[in-house]
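Worksheet: the structure to be examined is printed underneath.
The values are calculated or read from the model by the stated rules, or taken from the named source; none is laboratory data. Being a predicted model, the structure only gives us computed values, none of them experimental. Please note: Cβ atoms are built from the backbone with ideal geometry, for glycine as well, and neighbour counts cover all protein chains shown.
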């Protein structure tokens, strides 16, 4: 089964998941896993297990929240990380996820489109990486998919809060 259903094409990465990442803090079923105080920034990480394996790959999600201590009224940012359990990682699943991200966002930052023979080689060598930098101005966010020997398969959404802001604005504009 493909991640993409041609009749119901996702418009953003959040629509690939059955779990609503925007509801991460709705229930108290998350754990604080670490916090650090680094110069002017306080960072805290929260982890939650998904109710089921998302995209056939991911069992849990980590929210890393950064708070700028010198700008308490400003916008702080959130990064989301999903690390796949190695027992679920396969070439076909990563290829399907890559192609789904391409179908949503187009070419990645390096101008790569759908999965290629080079991706196949990089995946086999555990040296695979794709990144899409999206948005504009102060609302830039990024999606990174990587597979390495040391870290395994990782899907990250950098500046998740900016993605949410863009989606809310787009939803409000659709009413006019």
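Just a few scattered comments:
- Only one entry in 145, 153, 166 is surrounded by 15 or more Cβ atoms within 10 Å (Cβ to Cβ), in contact (Cβ under 8 Å) with a residue 60 or more places away in the chain, within 18 Å of the chain's Cα centre (by Cα) and under 25 Å from residue 25 (Cα atoms), namely 153.
- Residue that is farthest from residue 78 (Cα to Cα) [pool: residues in segment 125-148 that are in a loop (DSSP other than H, G, I, E, B) and modelled with pLDDT under 95]: 136
- Here 4, 14, 21 are screened, and the one residue that is surrounded by 13 or more Cβ atoms within 10 Å (Cβ to Cβ), farther than 23 Å from residue 127 by Cβ, modelled with pLDDT under 85 and touching a helix residue (DSSP H, G or I) at 6+ places or on another chain (Cβ under 8 Å) is 4.
- Given (1) out of contact with any helix residue (DSSP H, G or I) (no Cβ under 9 Å at 6 or more places or on another chain); (2) surrounded by 12 or more Cβ atoms within 10 Å (Cβ to Cβ), number of the condition residue 125 does not satisfy: (2)
- Output for segment 91-104, where each listed residue is within 10 Å of residue 130 (Cβ to Cβ) and touching a residue at least 60 places away in the same chain (Cβ under 8 Å): 97, 101
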